[in-house]
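The structure under discussion appears below in the form of structure tokens.
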Amino acid sequence: MTIVVENIGKSFGSLRAVDDLSFTVPDGVVTGFLGPNGAGKSTTMRLMLGLDRGEGQTDFDGKPLRDHAHPSRVVGTHLDARPFLPGRTARDHLRMLATEAKLPASRIDHVLSMVGLTEVADERPKNFSLGMAQRLGLAGAVLAEPQALMLDEPANGLDPQSIQWLREFLRHYAAEGRAVLVSSHLLSEMQLMADHVVVIARGRLVADGTIDELVSQRSDVIVRSTDSARLAGLLRASGGTVTEEADALAVTGLATDEIGRLAFDGGVAVLELATRKASLEETFMQLTGDGQQFAFGEAS
């Protein structure tokens, strides 16, 4: 199941919340959906699912979600931490969802056990903590064993052990050939969870690729030597970009083996030579810049 988003867009009055956005959510990997507050992530997800009217189209396995006989078997969603009727128990909430997909009661019991809610299955979710509500939302999303998942901030309210469980669960779910799209503000966790990321700012696409691709573009090489000035000249003459940092040089445009050879040929002793990888958080900040919007009433 591959999800293809083509030229979707939406405005709220004069605010362009999502602007001609296109990307693909491939199967077999977890795709992180990143952007500052107000970037348009939640609005994008709603447009993809047909919950909001807007421009463009999103195809799930080649056609819009509305054209599938059983949408819940196509994509499972969890976009709101508390999408529950206050008087309905957790089990009844899942029973209602199971009706559309014609699922047996045994499936309800299975997902309740899977997310650790068996003991509170007959309690009302209005009394649940945020973490418990997130677990129930995930149970509803995977209830019909859909071919894709779309989750908006599913780790909010979870303790570290639960976040680790969620990470492993989603990676396993994707490894079975399914598409998984997850938004999150926990960038360090997303670096562990996702293989592919889509980054937006002010409703526009700013990056789309694997985490390794995005991070490597902003990585450099740190080198310390006995003669920084001479080495810097050699590196620049060979096409490297050199920035002085305390007692070291930060180099881009040249690989570690190239730098080592240049230093050896130039008679400069190297004391340290290492690749410095940017974190996803550093990369995200560079990509989005001033893309955060703080005005009241803007969509996230």
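Here, each number is a calculation from the coordinates, and none is a lab measurement. Everything numeric here is computed off the predicted structure, so don't read it as measured data. Cβ coordinates were reconstructed from backbone atoms using ideal geometry, including for glycine residues, and neighbour counts include every protein chain displayed.
Note on LYS102: lysines with a C-alpha under 24 Å away, same-chain residues under 8 apart excluded, are LYS63. Computed over the stretch 1-80, the alpha-carbon pair-distance distribution with 5 angstrom bins reads 3, 14, 26, 27, 19, 8, 3, 0, each value a whole percent.
For the stretch 27-73, the convex hull spanned by the alpha carbon atoms encloses 104 Å³ per residue. Remark: the stretch 163-300 carries a charge dipole of roughly 180 debye about the Cα centre, counting +1 on each Lys and Arg Cβ and -1 on each Asp and Glu Cβ.
Modelled spin labels at ASP257 and THR226, positioned 7 Å past Cα toward Cβ, are 2.6 nm from each other. Between amide H atoms placed 1.01 Å from N, distances below 5 Å from THR2 occur with ASP61, all of them 5 or more places distant or on a separate chain. For VAL30, the amide hydrogen comes within under 5 Å of the amide hydrogens of ASP195, HIS196, counting only partners 5 or more places away or on other chains and with H modelled in the peptide plane.
In this structure, the amide hydrogen of VAL206, modeled 1.01 Å from its nitrogen in the peptide plane, lies closer than 5 angstrom to those of VAL199, ILE200, ALA201, counting only residues at least 5 positions away or on a different chain. Per-residue ellipticity at 222 nm computed for the chain from its helices equals -10000 deg cm²/dmol, with DSSP H segments shorter than 4 residues left out and the rest contributing -39,500 (n - 2.57). Under a Gaussian network description of the chain, with springs only between Cα atoms under 10 Å, the residue in HIS68, HIS93, HIS78 that fluctuates furthest is HIS68. The loop-placed GluC sites (Glu not before Pro) in the stretch 79-181, going by DSSP, that have at most 16 neighbouring Cβ atoms within 10 Å of their Cβ come out as GLU123, GLU176.
What's the longest bit of the chain with no exposed chymotrypsin sites (Phe, Trp or Tyr not before Pro), using DSSP loop states and at most 10 other Cβ atoms within 10 Å as the test? Walk me through the numbers on the way to the answer.
On the way: sites that count: PHE294, PHE296.
By the stated rule (loop sites, at most 10 other Cβ atoms within 10 Å), 1-293.
Comparing mean-square fluctuations of THR288, THR210, THR243 from a GNM of the chain with C-alpha springs under 10 Å, the top value falls on THR243. For PHE12 and ARG171, a Förster radius of 35 Å and the Cβ-Cβ distance give a FRET efficiency of 0.50, rounded to the nearest 0.05. Per the Debye formula on identical point scatterers at the alpha carbon atoms of the stretch 220-276, with no solvent, log10 I(q)/I(0) at q = 0.22 Å⁻¹ is -0.69. Projecting the Cα positions of LEU262, SER219, ALA237 onto the charge dipole of the chain (unit charges on Cβ atoms of Lys, Arg, Asp and Glu, taken about the Cα centre) puts SER219 furthest along the positive direction. Other residues with beta-carbon under 14 Å from the beta-carbon of GLU213 carry, at +1 per Lys or Arg and -1 per Asp or Glu, a net charge of -1. Extension gain for THR99-ASP67 works out to 9.6 nm (0.36 nm per residue, less the C-alpha to C-alpha distance).
Defining a contact as two alpha carbons under 8 Å apart and six or more residues distant in sequence, what relative contact order in percent does the stretch 19-78 show?
So the answer I get is 16 percent.
In the chain, Rg over Rh equals 1.10, where Rg is the alpha-carbon radius of gyration and Rh the Kirkwood radius from pairwise Cα distances.
Taking trypsin sites (Lys or Arg not before Pro) as exposed when DSSP calls them loop (any state but H, G, I, E, B) and at most 10 other Cβ atoms lie within 10 Å, what is the longest stretch of the chain free of them, the sites themselves excluded?
Longest gap between qualifying sites, sites excluded: 103-300.
Largest mean-square fluctuation among THR252, THR43, THR283, in a Gaussian network model of the chain whose springs join Cα atoms under 10 Å apart, belongs to THR252.
Dipole size of the stretch 1-119 about its Cα centre, with +1 on Lys/Arg Cβ and -1 on Asp/Glu Cβ: approximately 380 debye, rounded to the nearest 20.
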